[in-house]
Amino acid sequence: MSIVDAIILGIIQGLTEFLPVSSSGHLELGKVILGQELEAGLLFSVILHAATALSTIVIFRKDIYEILVGIFKFKWNKSWEFAVKIIISMVPVFIVGVFLKDEIEVLFEGQVLLVGSMLIITGLLLLLTNYFGNKEGQEVNYFQAFLIGISQAIAVLPGISRSGATISTALILGVGKSQAARFSFLMVLLPIIGATILEMKDYFEVGDAAQGVSVVALVTGFVAAFITGLVACTWMINLVKKGKLAYFALYCFVVGGIAIAYTFFK
């Protein structure tokens, strides 16, 4: 993988991680277009997700600081309540990551038809937000946190947008727009950090040659994803508040349709 290719994929990740169009799906399509060796797909995808996780930390630094301050007061308060909800939301993706890791890796091998089909599903989810999610101000409750967590677990499929699935689920359940965006972006931090640590451990144990991607490519991709992630995250928060998620449905339908057509006419 060249540095230029790594930068291009990093930009794709940074833009699509926060916008409801599936970063993993676009990465898979990007790697097919660029002709990348797909054995390193999961590692590179996780590294780029780590970059956008850092973007999330920067954007929500005040929220994270307030939560941590509240937690270290060591008494039940809103910070502890929010933390428990985040942990509940992590249960489904933890189960998927532990028990279905090998099955998931197979999906990151140029499955263009799968990506196209899942993008269509993402588009349908986004359309639903036109008919639901009109309530303002309601916080995520414990049961809703678990359901949103299920959406996040399903979003490991390339083509299902994590932000699109989790925010749409939250809005459909009646969560306020600002609260839905905040919870969706913060709930992914710990799973991404954990997955990044595990993948980096495997990377250095196996070696660069076997993984098919250099450290330089990883670093440049990370930087590109981080910078574009900052811009996209800010934009997405404003889009959710204004109720304009459904506009991305058309984009998902078009890209998904092109991906499906590609598999039949290539």
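The values are calculated or read from the model by the stated rules, or taken from the named source; none is laboratory data. If you're wondering where the values come from, they're calculated on a predicted model, not measured in any experiment. Note that we place each Cβ from the backbone using ideal geometry, even for glycine, and neighbour counts take in every protein chain shown.
Table for the structure above
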read-out	value
Residues (surrounded by 14 or more Cβ atoms within 10 Å (Cβ to Cβ), modelled with pLDDT under 80 and of a type in the set (D, E)) located in the stretch 112-141	none
Options L42, L9; residue that is over 16 Å from F226 (Cα atoms), modelled with pLDDT under 85 and in a helix (DSSP H, G or I)	L42
Matching residues in the stretch 157-174 - criterion: being over 18 Å from Y131 (Cβ atoms) and touching a Phe, Trp or Tyr at 6+ places or on another chain (Cβ under 7 Å)	P158, S163
Selection status of T16, at pLDDT 80 or above, touching a helix residue (DSSP H, G or I) at 6+ places or on another chain (Cβ under 9 Å), in a helix (DSSP H, G or I) and of a type in the set (S, T, Y)	no
Test: residue in the stretch 102-122 that is over 15 Å from the mean Cα position of the chain (by Cα) and within 17 Å of L189 (Cβ to Cβ)	no
Check on V98, at pLDDT 90 or above, more than 18 Å from T166 (Cβ to Cβ), within 19 Å of the chain's Cα centre (by Cα) and assigned to a helix (DSSP H, G or I)	no
Out of S55, S79, sole residue that is under 15 Å from the mean Cα position of the chain (by Cα), at negative phi, modelled with pLDDT of 90 or more and not in a loop (DSSP other than H, G, I, E, B)	S55
Residues satisfying the stated conditions in the stretch 71-89, i.e. over 25 Å from A153 (Cα atoms) and in contact (Cβ under 8 Å) with a residue 12 or more places away in the chain	I71
Selection count, the stretch 225-264, where residues are of a type in the set (A, V, I, L, M), in contact with a Gly (Cβ under 7 Å, 6 or more places away or on another chain) and under 25 Å from Q111 (Cα atoms)	4
Options S151, S168, S178; residue that is free of Cβ contacts under 8 Å to residues at least 40 places away in the same chain and either in contact with a His (Cβ under 8 Å, 6 or more places away or on another chain) or part of a helix (DSSP H, G or I) (or both)	S151
Yes/no for K85 being in contact with a helix residue (DSSP H, G or I) (Cβ under 6 Å, 6 or more places away or on another chain), at pLDDT 90 or above and assigned to a helix (DSSP H, G or I)	yes
Selection within the stretch 152-174 - of a type in the set (G, A, S) and closer than 19 Å to I237 by Cα	S161, S163, G164, A165, S168, A170, G174
